[in-house]
Amino acid sequence: MSPPELPRIDVDLEPDDLAAADRLREGAERILAECSKVIVGQKDVLEQLLIALFAQGHCLLVGVPGLAKTLMIRTLADAMDLSFNRIQFTPDLMPSDITGTDILQGDPTTGHRAFKFLRGPLFANMVLADEINRTPPKTQAALLEAMQEKQVTVGGNKHLLPNPFFVLATQNPIEQEGTYPLPEAQQDRFMFNIKVDYPAEEEEFRIIETTTRLNRVTINRVVNADDLHVMQSVVRQVPVADHVIRYAMRLTRKTRVDADDAPDFVKSYITWGAGPRASQFLVLAGKSRALLYGRPYVAIEDIRAVAAPVLRHRLITNFNAEADGIKPDDIVKRLIECTPVEK
């Protein structure tokens, strides 16, 4: 990840913060190095995953089958000394299957019986929600409290989830039979909607070459929970100039059809735009990306770089967009082109 050429601005960070920022970048490089032992290419996807993890955000990975989405998350978990659980979402999965349930347990010596909470697979630092759109809305909704509040409520009792806690979900965009589209409220809980595309020709050659021979790879754990807490803390301390925050706000506000400065193409193609959470995630993701690229400040380039994964699942397009073949990514690209930088 070579840093882009951007103008430097003067900022004051404490020496400890600068040291933590260096550790974040070094930790990211070590994680990427371990992932590259198994994953060929997909550097943009891995970078976006790290940006979200350091910013304490959840991710939704969307791509056709066979693009190593599950393997990518599994390898990322292996490179970090964090607890990991995979949940295969199916049409018959119930909320208690993922959150846990109260069971009646008896003491063999006293005969006394009492309810005991049996934890579900959500109780892990990193949770892979595989094919999340294959389970009904009732079970999907069980994730909402966990993703937002980092806790689950069962039988009227609240149970805190491990810290850190991330949900990394996968979704197949082409299989529609037997699937349940994610509600907009749940999609909004994901910081990033990451598009996983086909590999380049040379990358696909290397994938076939390495996976069709005897190849045992050992993934080393290079970052632990304490390291991650420090990295997440320093991300929050990265300064952001007012004009950068206002730029992120303008990108978000222009997606709303009732806004005075909404472009004509937004009014033509969008039914509902992004809410304030999108602006928050743009700034947080910009902070995380800035540190990954070796800068202790957020630049406009950082906001633009994360605009597509933050906004693409928050723009509800209408029939006109479908008829004209306009995708949310096309709208985000045009928004960036028509939104000036004001200092």
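Hey, what do the phi angles of the stretch 241-252 turn into as Karplus ³J(HN,Hα) couplings, whole Hz, using 6.51/-1.76/1.60 and θ = phi - 60°, x for Gly and Pro?
5, 4, 5, 6, 4, 5, 5, 4, 5, 5, 4, 5
Mind listing the phi-derived Karplus ³J(HN,Hα) values for the stretch 210-218, rounded to whole Hz, using 6.51, -1.76 and 1.60 with θ = phi - 60°, and x for any glycine or proline?
7, 8, 10, 9, 5, 8, 9, 10, 9
Rank ASN193, THR153, LEU122 by how far each Cα sits towards the positive end of the charge dipole of the stretch 119-264 (+1 on Lys, Arg Cβ; -1 on Asp, Glu Cβ) and give me just the farthest.
THR153
Quick one: putting +1 on the C-beta of Lys and Arg, -1 on the C-beta of Asp and Glu, what dipole do you get for the chain around its Cα centre, in Debye to the nearest 20?
Charge dipole of the chain: 540 debye, to the nearest 20.
Separation of the stretch 287-313 and the stretch 109-140 by C-alpha centroid, Å?
That distance is 34 Å.
Using the Karplus curve 6.51 cos²θ - 1.76 cosθ + 1.60 with θ = phi - 60°, what ³J(HN,Hα) values do you get for each residue of the stretch 28-38, in whole Hz, with x for Gly and Pro?
Working through the residues one at a time gives 4, 5, 5, 5, 4, 5, 5, 5, 5, 5, 10 Hz.
Given +1 on the Cβ of Lys and Arg, -1 on the Cβ of Asp and Glu, and no further charges, what dipole in debye does the stretch 239-343 carry about its Cα centre, rounded to the nearest 20?
Once rounded to the nearest 20, the dipole reads 400 debye.
How big is the antiparallel share of DSSP beta bridges in the chain, given as a percent to the nearest 5? Intermediate results must be reported in sequence, preceding the final value.
On the way: 13 of 33 bridges.
Here the share of antiparallel DSSP bridges comes out near 40 percent.
With each run of n ≥ 4 DSSP H residues scored as -39500 (n - 2.57), what mean residue ellipticity at 222 nm is computed for the chain after dividing by its residue count and rounding to the nearest 500 deg cm²/dmol?
Value at 222 nm, helices only: -13000 deg cm²/dmol.
Taking amide H positions as placed in the peptide plane 1.01 Å from N, state which residues far from GLY100 in sequence (5 or more) or on other chains have amide H under 5 Å from it.
GLY120
Show me the ranking of peptides 283-289, 39-45 by mean Cβ neighbours inside 10 Å, starting with the highest.
Numbers: 283-289: 26.9, 39-45: 18.1.
Sorting 283-289, 39-45 by mean packing, highest first, produces 283-289, 39-45.
Please report how many Lys pairs in the chain have alpha carbons closer than 18 angstrom, counting only residues at least 8 apart along the chain or sitting on separate chains.
For the chain, the number of qualifying lysine pairs is 13.
Could you tell me the relative contact order of the chain? Use alpha-carbon pairs under 8 Å, at least six residues apart, and round to a whole percent.
Averaging sequence separation for qualifying contacts and normalising by length gives 22 percent for the chain.
Under 5 Å between amide hydrogens, which residues at least 5 positions from TRP272 or on another chain qualify, with H placed 1.01 Å from N in the peptide plane?
The answer is ILE316.
Considering only CYS338, ALA274, VAL244, whose Cα is most displaced toward the positive end of the charge dipole of the stretch 239-343, charges sitting on Cβ of Lys, Arg (+1) and Asp, Glu (-1)?
VAL244
Place +1 on the Cβ of every Lys and Arg and -1 on the Cβ of every Asp and Glu in the stretch 37-108, take the dipole about the Cα centre, and give the residue among ALA68, MET94, HIS58 whose Cα lies farthest towards its positive end.
Value computed over the given set: ALA68.
Amide H neighbours of VAL298 under 5 Å, counting only residues 5+ apart in sequence or on other chains, H built in-plane at 1.01 Å?
ALA241
No lab work stands behind these numbers, since they all come straight from the coordinates. These numbers come from a predicted model, not from an experiment. Glycine also receives a Cβ, built like all others from the backbone with ideal geometry; neighbour counts cover every protein chain displayed.
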